[in-house]
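The structure appears below as structure tokens.
Laboratory data are not the source of any read-out in this text; all were calculated from the coordinates shown. Treat the numbers as computed from the prediction; the structure is a model and nothing was measured. Virtual Cβ from ideal backbone geometry, glycine too; neighbours counted across all protein chains shown.
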Amino acid sequence: MTLDQYRKMADEVGGEIGKAMQELINELTEARDIISGMKHPSVLGSKELAEYLEVDPKNLHHSRKTKFFPEPDFFAGNRPCWFLPTIQIYQNKVDEWRKKQK
């Protein structure tokens, strides 16, 4: 089946399952574009990262010391930068860890 066929199926299914299917298809499409070189993943500097994580930029250095926090993917001059998928993986690991702690 093609991705368009899966999109139609997700629309037919509807509800939470259909929505989850659409999100998965969108992520797959983005990953395929990145792999094929058609698109680069979003890059977050410290300011954007703090905003994304909903942390005060002045306190980001504390967040960077927490469990699982990834090293920067690269540096632009002396400034650390992360790819958005790297941070999303980090958030998933933290969420799983928190669930296990309960």
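Name all residues of the range 29-54 having a backbone nitrogen under 20 Å from the label point set 7 Å from the Cα of D11 along its Cα→Cβ direction, giving them as ranges.
Answer for the range 29-54: 29-30.
Tell me, in nm to one decimal, what length is gained between T2 and D33 on full extension, where the rule is 0.36 nm per residue of separation less the Cα-Cα distance? The partial results should precede the final answer.
On the way: separation 31, 0.36 × 31 = 11.16 nm, distance 1.53 nm.
Length gained, T2 through D33: 9.6 nm.
Give the residue list of GluC sites (Glu not before Pro) in the chain that are DSSP loop and have at most 15 other beta-carbon atoms within 10 angstrom.
Values: sites: E12, E16, E23, E27, E30, E48, E51, E54, E96; in loops: E54.
Passing both the DSSP loop test and the Cβ count: E54.
Return the subset of K8/K100; K58/K93; K19/K93; K47/K100; K8/K93; K58/K102 for which the Cα-Cα distance in this structure is over 27 Å, preserving the input order. All intermediate terms of the calculation are to be shown ahead of the outcome.
Numbers: K8/K100 36 Å; K58/K93 24 Å; K19/K93 23 Å; K47/K100 30 Å; K8/K93 31 Å; K58/K102 30 Å.
Exceeds cut-off: K8/K100; K47/K100; K8/K93; K58/K102.
Select one label from (1) 1.17; (2) 1.07; (3) 1.13: the one whose number is Rg/Rh (Cα atoms, Kirkwood Rh) as derived from the coordinates shown.
Step by step, Rg/Rh (Cα atoms, Kirkwood Rh) for this structure corresponds to label (2).
Quick one: dipole size for the chain, taken about the Cα centre, charges +1 on Lys/Arg Cβ and -1 on Asp/Glu Cβ, in debye to the nearest 20.
Details: 16 positive and 16 negative charges, 118 e Å.
It comes to approximately 560 debye.
Pairing the Cα long axis of helix 3-13 with the longest principal axis of the chain, what angle in degrees results, from 0 to 90 and rounded to the nearest 10?
Once rounded, the angle reads 80 degrees.
Using only Cα atoms, find the angle between the long axis of helix 15-35 and the longest principal axis of the chain, and express it within 0 to 90 degrees, rounded to the nearest 10.
70 degrees
In nanometres, what is the gap between the two model label sites at S42 and K93, each 7 Å from Cα along Cα-to-Cβ?
Inter-label distance under the simple model: 2.1 nm.
For K99, go through the lysines and keep the ones whose alpha-carbon is under 18 Å away, minus same-chain ones fewer than eight residues off.
Cα-Cα hits under 18 Å: K67.
Taking the range 29-58, which trypsin sites (Lys or Arg not before Pro) meet the DSSP loop condition and have no more than 11 other C-beta atoms within 10 Å?
Sites meeting the loop and neighbour criteria: none at all.
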